[in-house]
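*Asks:* Can you keep this structure in mind? I'll have questions shortly.
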Amino acid sequence: MIIKPKFRGFICTTAHPEGCQAQVEEQIRYVLEQNKISGPKNVLIIGASTGYGLASRIVSTFGCGANTIGVSFERPSSGKRTATAGWYNTAAFEKNARQAGVKAYSINGDAFSDEIKQETIALIQAEMGQVDLVIYSLASPKRTHPHTGEQLNSVLKPIGQSYTNKNVDFHTGEIKSLTVEPATEEEIRQTIAVMGGEDWQMWIDALDQADVLAEGVTTLAYSYIGPALTHPIYREGTVGRAKDHLEETAQILQRKLEAKQGRAFVSINKALVTQSSAAIPVVPLYVSLLYRIMKEEGLHEGCIEQIYRLFAEEIFGGSLPHLDAKGRIRIDNLEMREHVQAEVDKRWDTVNDQNLIALSDIEGYRKEFFQLFGFEVAGIDYEQETNADVAIPSID
Ligand code: NAI
């Protein structure tokens, strides 16, 4: 079929297999050009098909030479529907990893469920024995609690009072004022249950009980802080509460893993264009301004540069990672530099529909968003017929 982007709100409902493959191979190429990392040998990545999780899988294999198991929740193609981008990314990753002679297995299903945890454990036992790195990189709007069956939903809302700020429609470049009403106590509770640390802890408990965590294992989850202008909607809002819980969970897991000389960390990462971040009000305009300033200063990084730096300099750099006062790794250090944020603030006050292109990287944001789904990738002829029915070797 000929595949073109189709949108429902900020979600793209189609994906291009060759474009996704090219994007994955671009990330692989970046890692192959860097120094090798003396790191993990067998890695489990939960949330491995897009964004930070995919980058973590690529750095594990092509930077460290590690075997990987990637868990994600993606849809294969059927009839006239393409697969999701994460499906095509996973297929491309496996193909490249296997060509490089490294083991790569993928599990597609609900990571919040007990069944997927048990399936993953059985696969580790059969193929790897134990894992020495577990990365938790899920981003999900909902969760079915595995023990109570409760359907939980996460919301992106402020707490205590409503929040009004500028918001951009990155398809049209239109900037409008947006007001988000505060969350209820029940919405806060459910958001913590979806995006907090409970499921990370359930994974580590299940893996530990099955004795598939190696001596000296490291586990890692990702979080975000960001600038004061997004605090009401993010860090001091519902998702921020969930991130507080995730970060507290790292302390619990650190104590638990000490018996096997293990380590648990949260890494605070940079704001980037991913399917999840595009859904957060106000954030796309902030990211567009941030990208422009960081590119102008030669400080810009994408997922792959962030995760390579995290592995090479912090987690597997040979010395202890640099931690902030709350025990977190800060690879958001370039984003949070004082002069970068001062420039964002200055532009934030004046940005409008007329000067958006001059002040921000809205064009770059839009392009990266399309590229998440395999579109607008150099070298791909989008007028050509393409086979949407792509298999993931370890799944089909
Ligand atoms: P993403 O949307 O690109 O990736 C989410 C992953 O989770 C995908 O692999 C998806 O298949 C998987 N997933 C979702 N629900 C699942 C389920 N029920 N079962 C199995 N897999 C499921 O997200 P992104 O942005 O890479 O986020 C990953 C983590 O990084 C999150 O904790 C996020 O808060 C954090 N982070 C993201 C930043 C950003 O700007 N994008 C900045 C800093 C941290």
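*Asks:* Within a 10 angstrom radius of the beta carbon, how do E368, E150 rank from fewest other beta carbons to most?
*Replies:* Starting with the residue having the fewest Cβ neighbours, the order is E150, E368.
*Asks:* Quick one: if the Förster radius is 35 Å, what FRET efficiency do Q125 and A358 give, using the C-beta to C-beta distance and rounding to 0.05?
*Replies:* Here the calculated transfer efficiency is 0.05.
*Asks:* Further, regarding this structure: Going through the cross-link list K166/K270; K36/K117; K270/K326; K6/K80; K41/K295; K41/K326, which pairs have a Cα-Cα distance over 23 Å in this structure?
*Replies:* Distance filter (> 23 Å) returns K36/K117; K41/K295; K41/K326.
*Asks:* Against the empirical 2.2 N^0.38 Å scaling, what ratio does the C-alpha Rg of the stretch 353-396 come to? The partial results should precede the final answer.
*Replies:* Numbers: Rg = 16.1 Å, N = 44, 2.2 N^0.38 = 9.3 Å.
Ratio of Cα Rg to 2.2 N^0.38 Å: 1.74.
*Asks:* What is the sum of charges, Lys and Arg at +1 and Asp and Glu at -1, for the other residues whose Cβ falls under 12 Å from the Cβ of I116?
*Replies:* -4
*Asks:* Further, regarding this structure: Would you please give the residues with an amide H less than 5 Å from that of L133, counting only those at least 5 places away or on a separate chain, with H modeled from the backbone geometry?
*Replies:* Counting only residues 5 or more places away or on other chains, the set is N42, L44, T218.
*Asks:* May I ask for the net charge around A210, where only other residues with Cβ less than 13 Å from the Cβ of A210 are counted and Lys, Arg are +1 while Asp, Glu are -1?
*Replies:* That works out to -4.
*Asks:* Based on the Kirkwood radius over alpha-carbon pairs, what value in µm²/s does the Stokes-Einstein equation return for the translational diffusion coefficient of the stretch 156-237 at 20 °C and 1.002 mPa s?
*Replies:* Using the Kirkwood radius from Cα pairs, D works out to 136 µm²/s.
*Asks:* Give me the net charge of K142's neighbourhood, meaning all other residues with Cβ under 13 Å from the Cβ of K142; Lys, Arg count +1, Asp, Glu -1.
*Replies:* Values: positive: R143; negative: D110, E150, E187, D199.
Here the charged neighbours net out to -3.
*Asks:* Report the per residue volume, in Å³, of the convex hull enclosing the C-alpha atoms of the stretch 90-141.
*Replies:* For the stretch 90-141, the hull spanned by Cα atoms encloses 101 Å³ per residue.
*Asks:* Could I ask something else about it? Among Q151, G79, Y105, which residue has its Cα positioned farthest towards the positive end of the charge dipole of the stretch 77-152, with +1 placed on the Cβ of Lys and Arg, -1 on the Cβ of Asp and Glu, and the dipole taken about the Cα centre?
*Replies:* Value: G79.
*Asks:* List the trypsin sites (Lys or Arg not before Pro) in the stretch 43-118 that DSSP assigns to loop (not H, G, I, E or B) and whose Cβ has at most 12 other Cβ atoms within 10 Å. Which are they?
*Replies:* K80
*Asks:* Counting every Cα pair in the chain, what percent are over 31 Å apart?
*Replies:* 36
*Asks:* Under a plain spin-label model, where a point goes 7 Å from the Cα along Cα-to-Cβ, how far apart in nm are A279 and K326?
*Replies:* With each label point 7 Å from Cα toward Cβ, the separation is 2.2 nm.
The numbers here are math on the coordinates, done by the rules we state, and not lab data. What you see is a predicted model, and the numbers here were worked out from it, not measured in a lab. Cβ sites come from the backbone with ideal geometry, for glycine too, and all protein chains shown count toward neighbours.
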